[in-house]
Amino acid sequence: MRYPQGGGPTAERRAFREDIRLEAAGMFAAGADNAEVAKRLRVSVRSVQRWHRAWQDRGDVSLQSAGSAARPNLTEALFAALETELVKGPVAHGWDSQVWTLERIKTLIGRRFHKTMTLSAIAQMLHRHGWSHQLPARRATERDETRVTGWVKDTWPQVETPGRRSA
């Protein structure tokens, strides 16, 4: 099932669906037929057929929730190991500059953990763990903070389009 906003079902919704499947397993064990189970649980007969087949093959375990489909590819232990590698810097891993890019981190994850992740998944994972985009270590000497602040307060609101206002 696709969700236009992304994210999939919540943990509560997954638990609710799992309860329905396990209730169906109890009905299967009691000898109820698929049509009766579908009618009593208010689900499609096709879903009940799939559940019944899985229940016959592997029992109640097959009807339990597998968890979120969007769970991270790296466990907390592996992410801790990745952080250790990131702190060493890109030069320690063979790159010629001290700038981490998502592409380089993807390569590092592939080399170190033999896992493949998309660039957006890597960015989300890093953000979730408190990492942010790199910022310059120092400001330009020509920068005039009072002029910048004045421009942001006075000029930017006039330039900004109405559709982009955040307030």
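Kindly indicate whether Ala30 is under 30 Å from Leu119 (Cβ atoms) and either surrounded by fewer than 11 Cβ atoms within 10 Å (Cβ to Cβ) or of a type in the set (A, V, I, L, M, F, W, C) (or both). Outline the logic, then answer.
Working: under 30 Å from Leu119 (Cβ atoms): no; either surrounded by fewer than 11 Cβ atoms within 10 Å (Cβ to Cβ) or of a type in the set (A, V, I, L, M, F, W, C) (or both): yes.
It is false that Ala30 is under 30 Å from Leu119 (Cβ atoms) and either surrounded by fewer than 11 Cβ atoms within 10 Å (Cβ to Cβ) or of a type in the set (A, V, I, L, M, F, W, C) (or both).
Would you mention how many residues in the stretch 33-78 are among the polar types (S, T, N, Q), over 28 Å from Thr116 (Cα atoms) and part of a helix (DSSP H, G or I)?
Summing the residues that are among the polar types (S, T, N, Q), over 28 Å from Thr116 (Cα atoms) and part of a helix (DSSP H, G or I) in the stretch 33-78 gives 4.
Among the residues in the stretch 58-78, are any surrounded by 11 or more Cβ atoms within 10 Å (Cβ to Cβ), within 30 Å of Ala123 (Cβ to Cβ) and in contact (Cβ under 8 Å) with a residue 60 or more places away in the chain?
yes
Of the numbered conditions (1) surrounded by 15 or more Cβ atoms within 10 Å (Cβ to Cβ); (2) under 21 Å from Pro9 (Cβ atoms); (3) without any contact (Cβ under 8 Å) to a residue 24 or more places away in the chain; (4) under 21 Å from the mean Cα position of the chain (by Cα), Ala38 fails exactly one; give the number of that condition.
(4)
Read the figures in this text as sums done on the coordinates, not as results from a lab. Note that this is a predicted model, so its numbers are computed, not measured. With ideal geometry, Cβ positions are generated from the backbone for all residues, glycine too; neighbour counts draw on all protein chains shown.
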